[in-house]
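Participant: Quick one: the structure is below, questions incoming.
The values are calculated or read from the model by the stated rules, or taken from the named source; none is laboratory data. Because the structure is a prediction, the values reported are computed rather than measured. Backbone-built Cβ (ideal geometry, glycine too); neighbour counts: all protein chains shown. When the accessible area is computed, the model is the full protein with side chains, heavy atoms only, and any ligands, DNA or RNA have been set aside. Shrake-Rupley method; radii C 1.70, N 1.55, O 1.52, S 1.80 Å.
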Amino acid sequence: MKQRHNILAFLFLSVLIISSFDYSVATSRKDLLEDFCISNQTATGGFMDFNNGTADTISEFTSYANLFILNEIDPNLEKIDKSKAEFWGIDRLNDFTSTTGTEKSIPDAYYALGILVYLNATANENSTLNDAITKMNGFYNETSHGYNGENSPISTLSDTYYAIEFLERAESLSYSTNSTEIASFVLSCWDSEDNAFAGSPGGYANPIDSYFAIQSLKRLDKLDLFNQKEELSDFIDEFYCDDPVFEAHNGGYSHTQNSPSSSSLMMTYYCVSLQNTLNSSKLHNETTLNWILSRQSPYDFGFNDYSSTSSIEYSSAKLSYFAIRSILIFEEDALGDRNSDLMNEELWNLSTSGWIIAGIVLICIGLAALAGYGIYRYKNRI
């Protein structure tokens, strides 16, 4: 009987030891995500989309996405090479303004400028910013009253949205001169049959272009001109995945209507943002938020979309950006407030605690062997 009590006592002590490891290796969601983004910076100063990515995954958007997240966590950006990032951002803005950089789009310019804003860079000390503003203003189409880049024959909502945001961020957007005309172009993209916006008049209605339209009207202070808010909200809700059978997708939004098994972090952000701006009652707060949090990877702690394959799906900075933008809609201090329960929740940091995990496994094996031996001795005692 004494031996049996010793075995039980040893098991209890081992459980306490194992449980104590949880506190030594657990790290907050926020800190793990920060590590993911920091690891994406390269020697060039730009940021990759994946931790295991290559130079071809570096773009204005991937760099902006990483910096957006890092800035939300630490506005001082003390853990990255800010000098290299600044030079990289200025080079990208120069690419946009140069006559040979025609492949650089209006969104590229917006993200390049955004990088410099987060870094408190001084691109305006030389001609870079002024040249970019001049070039951006040149993309205004006097006929359609929208914006289109050098490689686009027609004005689109996406180019118009990014041009407006660029000029706003550069403090060079004049609301008094052509805001009404720009708003008229935006409203001309409304598809009354689908009750949503298309990318250009007569195009295909979809949530992403609807996001560009609503955000443009909001930036221009012309949202009151749009009178179909309820109809658009109903259209957006058709992309919501609400079938519990598809657990990995339930709560997100899909690329296609009424498709409960293909949630996307990108589409979820556009749809959540739209419903929030429209003050819609169809915003599925708790379910959607829980789904987004479930997409934080246990491997590298960024965010990714669900894959049906059994291989490891590495996180994407772009998808992490959309995830965080959505989370901040639900709780604006999720990354900055230590009292927030969302991104300060502690997770097991399995990737950096291999020896500890190995020790736990060995202890469990040892306990199993010891328990088996004790039971054998107890059953075969003389």
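Participant: Could you list, in sequence order, the residues of segment 297-320 that are among the hydrophobic types (A, V, I, L, M, F, W, C), over 18 Å from CYS241 (Cβ atoms) and open to solvent by less than 20 Å² (accessible area, probe 1.4 Å)?
Facilitator: PHE301, ALA317
Participant: Going by the conditions given, is ALA323 of a type in the set (A, V, I, L, M), under 15 Å from the mean Cα position of the chain (by Cα), buried (at least 22 other Cβ atoms within 10 Å of the Cβ) and closer than 18 Å to ILE208 by Cβ?
Facilitator: Values: of a type in the set (A, V, I, L, M): yes; under 15 Å from the mean Cα position of the chain (by Cα): yes; buried (at least 22 other Cβ atoms within 10 Å of the Cβ): yes; closer than 18 Å to ILE208 by Cβ: yes.
So ALA323 passes the test.
Participant: Please specify each residue of segment 156-183 satisfying the condition of being more than 27 Å from the chain's Cα centre (by Cα) and open to solvent by less than 60 Å² (accessible area, probe 1.4 Å).
Facilitator: Of everything in segment 156-183, those that are more than 27 Å from the chain's Cα centre (by Cα) and open to solvent by less than 60 Å² (accessible area, probe 1.4 Å) turn out to be SER172, SER174, ASN178, SER179, ILE182, ALA183.
Participant: Identify, by number, the condition in (1) at pLDDT below 90; (2) among the acidic types (Asp, Glu); (3) more than 20 Å from GLY302 (Cβ to Cβ); (4) open to solvent by 50 Å² or more (accessible area, probe 1.4 Å) that ASP22 doesn't meet.
Facilitator: Every listed condition holds for ASP22 apart from (4).
Participant: OK, next. Do we have THR128 as open to solvent by less than 50 Å² (accessible area, probe 1.4 Å), at pLDDT 90 or above and among the β-branched types (Val, Ile, Thr) here?
Facilitator: Working: open to solvent by less than 50 Å² (accessible area, probe 1.4 Å): yes; at pLDDT 90 or above: no; among the β-branched types (Val, Ile, Thr): yes.
Considered against the rule, which asks whether it is open to solvent by less than 50 Å² (accessible area, probe 1.4 Å), at pLDDT 90 or above and among the β-branched types (Val, Ile, Thr), THR128 comes out as no.
Participant: Could I ask something else about it? Which of the numbered conditions does SER184 fail, given that it passes all the others? Conditions: (1) without any contact (Cβ under 8 Å) to a residue 12 or more places away in the chain; (2) in contact with a helix residue (DSSP H, G or I) (Cβ under 9 Å, 6 or more places away or on another chain); (3) closer than 24 Å to ASP221 by Cβ.
Facilitator: Among (1) without any contact (Cβ under 8 Å) to a residue 12 or more places away in the chain; (2) in contact with a helix residue (DSSP H, G or I) (Cβ under 9 Å, 6 or more places away or on another chain); (3) closer than 24 Å to ASP221 by Cβ, the lone unmet condition for SER184 is (1).
Participant: If you don't mind, another one. Any idea which residue in segment 236-265 is nearest to SER308 (Cα to Cα), counting only those that are surrounded by fewer than 22 Cβ atoms within 10 Å (Cβ to Cβ) and among the hydrophobic types (A, V, I, L, M, F, W, C)?
Facilitator: Filtering first and then ranking leaves ALA248.
Participant: For segment 201-213, how many residues meet the condition of being of a type outside the set (Val, Ile, Thr), part of a helix (DSSP H, G or I) and either open to solvent by 30 Å² or more (accessible area, probe 1.4 Å) or without any contact (Cβ under 8 Å) to a residue 40 or more places away in the chain (or both)?
Facilitator: Within segment 201-213, the first condition is being of a type outside the set (Val, Ile, Thr), and the residues that meet it are 201-207, 209-213.
Checking the rest, the ones that are also part of a helix (DSSP H, G or I) come to 207, 209-213.
Those still in the list that are either open to solvent by 30 Å² or more (accessible area, probe 1.4 Å) or without any contact (Cβ under 8 Å) to a residue 40 or more places away in the chain (or both) too: none.
So the answer is 0.
Participant: Given the residues GLU238, GLU247, GLU230, which is the only one that is among the acidic types (Asp, Glu), within 24 Å of the chain's Cα centre (by Cα) and closer than 22 Å to ILE329 by Cα?
Facilitator: Working: GLU247 fails: closer than 22 Å to ILE329 by Cα; GLU230 fails: within 24 Å of the chain's Cα centre (by Cα).
Exactly one residue qualifies, and that residue is GLU238.
Participant: Of the residues in segment 214-235, how many are open to solvent by less than 70 Å² (accessible area, probe 1.4 Å), within 24 Å of THR160 (Cα to Cα) and assigned to a helix (DSSP H, G or I)? Talk me through it step by step, then tell me what you get.
Facilitator: Going through segment 214-235, the residues open to solvent by less than 70 Å² (accessible area, probe 1.4 Å) turn out to be 214-217, 220, 222-223, 226, 228-229, 232-235.
Those still in the list that are within 24 Å of THR160 (Cα to Cα) too: 214-217, 220, 222-223, 226, 228-229, 232-233, 235.
Narrowing the set further to residues that are assigned to a helix (DSSP H, G or I) leaves 214-217, 223, 229, 232-233, 235.
Adding up the residues that qualify gives 9.
Participant: Then there's this: Out of curiosity, is SER294 loosely packed, with under 14 Cβ neighbours inside 10 Å and out of contact with any helix residue (DSSP H, G or I) (no Cβ under 9 Å at 6 or more places or on another chain)? Explain how you work it out, then say what you get.
Facilitator: Numbers: loosely packed, with under 14 Cβ neighbours inside 10 Å: no; out of contact with any helix residue (DSSP H, G or I) (no Cβ under 9 Å at 6 or more places or on another chain): yes.
Judged against the criteria, SER294 is not a match.
Participant: Turning to a different aspect of this structure: One residue is enough: does segment 278-288 have a residue meeting the conditions in a loop (DSSP other than H, G, I, E, B), touching a residue at least 24 places away in the same chain (Cβ under 8 Å), under 16 Å from GLU346 (Cα atoms) and not small (Gly, Ala, Ser)?
Facilitator: no
Participant: If you don't mind, another one. Looking at segment 236-250 only, could you name the residues that are in contact (Cβ under 8 Å) with a residue 40 or more places away in the chain and either more than 12 Å from CYS271 (Cα to Cα) or among the charged types (D, E, K, R) (or both)?
Facilitator: Residues satisfying the conditions are ASP237, ASP242, ALA248, HIS249, ASN250.
Participant: Look at segment 247-261 and say how many of its residues are on the phi < 0 side of the Ramachandran plot, modelled with pLDDT under 90 and of a type outside the set (Gly, Ala, Ser).
Facilitator: 2
Yes or no, residue by residue, for (1) of a type in the set (A, V, I, L, M); (2) in contact (Cβ under 8 Å) with a residue 40 or more places away in the chain; (3) out of contact with any helix residue (DSSP H, G or I) (no Cβ under 8 Å at 6 or more places or on another chain); (4) open to solvent by less than 40 Å² (accessible area, probe 1.4 Å):
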site	(1), (2), (3), (4)
ALA43	yes, yes, no, no
ASP49	no, yes, no, yes
THR57	no, no, yes, yes
TYR64	no, yes, no, yes
PHE68	no, yes, no, yes
PRO75	no, no, yes, no
GLU78	no, no, yes, no
SER83	no, no, yes, no
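Participant: For segment 184-200, give me the residue count where each residue is assigned to a helix (DSSP H, G or I) and open to solvent by less than 20 Å² (accessible area, probe 1.4 Å).
Facilitator: Qualifying residue count for the region: 2.
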